[in-house]
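Below is one structure. I have some questions about it.
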Amino acid sequence: PHWPEAVSAARQAQLSEQDLADLLGTAQVERPSGQAVRLRTISTPAPDDTHGAEFNALHRLLEASFPTLHARLQRERFGRHALLYTWAGSDPQAQPIVLMAHQDVVPVAPGSEPLWTVPPFAGELRD
């Protein structure tokens with residue numbers, strides 16, 4: 001993997017590609033990511049949470065696609081849809097690292113659909 005500069009070489013060695021592969025299991029990342037793109041996880045400030053079911057479906061997809069990760073990491077849900085995973089290391093003296101990602105997408109601008117070469121939520125992988 002490509003590590004941020006802040007992650008020391010010693011820490012990179014502890015988190016080898018094989019460790020990450022073991023943690024993720026045999027699931028191919030491409031398949032779940034294509035499925036995830038089909039989910040309309042559109043984040044809005046509205047309190048009615050119209051896309052809550054889509055976020056819940058994404059969370060189920062993550063659990064099903066990466067069972068080893070979910071068995072080994074502690075997962076906490078907070079706010080409406082935020083997830084926090086804690087991966088305890090073997091050395092309590094080691095400096096922690098943070099890996100961050102987002103689950104939401106921006107809405108498709110109304111009327112822009114004909115401009116897309118692939119529908120925005122098709123989940124199609126190209127090149």
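Quick one: if you stick a label point 7 Å off each Cα along the C-beta vector at Q35 and L84, how many nm between them?
In this crude spin-label approximation the distance works out to 2.8 nm.
Rounded to the nearest 0.05, what FRET efficiency do F121 and D49 give with R0 = 22 Å and r taken as the Cβ-Cβ distance? Could you check?
0.70
What do you get for chymotrypsin sites (Phe, Trp or Tyr not before Pro) in region 81-121 restricted to DSSP loop and a cutoff of at most 11 other Cβ within 10 Å of the site's Cβ?
Of the chymotrypsin sites (Phe, Trp or Tyr not before Pro), the ones in loops of region 81-121 whose Cβ has at most 11 other Cβ atoms within 10 Å are W116.
Next question. Once amide H atoms are placed 1.01 Å from N in the peptide plane, what residues at a sequence separation of 5 or more from I42, or on another chain, have their amide H within under 5 Å of its amide H?
It is V105, by chain and number.
May I pose another question? Please identify the GluC sites (Glu not before Pro) of region 29-127 that satisfy two criteria: DSSP loop assignment and at most 16 other Cβ atoms within 10 Å. Which are they?
Sites meeting the loop and neighbour criteria: E124.
Another one. Which whole-number value in Å² is the accessible area per residue of region 33-127, probe 1.4 Å?
74
The values are calculated or read from the model by the stated rules, or taken from the named source; none is laboratory data. None of these values were measured; they are calculated from a predicted model. Glycine gets a Cβ as well: all are built from the backbone with ideal geometry, and neighbour counts include every protein chain shown. Heavy atoms of the whole protein, side chains included, go into the accessibility calculation; ligands, DNA and RNA do not. Shrake-Rupley method; radii C 1.70, N 1.55, O 1.52, S 1.80 Å.
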